[in-house]
């Protein structure tokens, strides 16, 4: 058995994304999730085999067997890993599943605007607070 259930590639520069990851880290007492911040200066997308732009467009996860998943399925795997199987089961209901996919797709497309990461018409990804702090030291 692997040391983790899923490795999650998240944008630590996205305030809402970082907040949810902090919450999940706190819930992940068994350390079943490996969290990887793609906004960190030390992150090397070549090790994942996907361009950082692709990883930044939607949340991605890598399963222990190496398969990559993305979008709502990543959230399902994370919430299952921290002990919310009933919640995960509800996300698979016939009406709920497609609604979540649509809602996440809209959020992913506009999250930088929604979280105040745009200025002057440009929505370039910023470095995470952790990456900025690491650069200072």
- line: The condition of being touching a helix residue (DSSP H, G or I) at 6+ places or on another chain (Cβ under 6 Å) and without any contact (Cβ under 8 Å) to a residue 40 or more places away in the chain holds, among 72, 48, 82, 54, only for 72
- prompt: When the residues of segment 1-19 are filtered to those that are out of contact with any helix residue (DSSP H, G or I) (no Cβ under 8 Å at 6 or more places or on another chain) and in a helix (DSSP H, G or I), which remaining residue is farthest from residue 115 (Cα to Cα)?
  reply: 19
statement: Note on residue 111: of the conditions (1) over 30 Å from residue 3 (Cα atoms); (2) in contact with a helix residue (DSSP H, G or I) (Cβ under 6 Å, 6 or more places away or on another chain), unmet is (2)
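Bear in mind these aren't lab numbers, they're just calculated from the coordinates by the rules spelled out. The shown structure was predicted, so the numbers you read here are calculated from the model rather than taken from an experiment. When we count neighbours, we look across all protein chains shown, and the Cβ atoms used for this are built from the backbone with ideal geometry, even at glycine.
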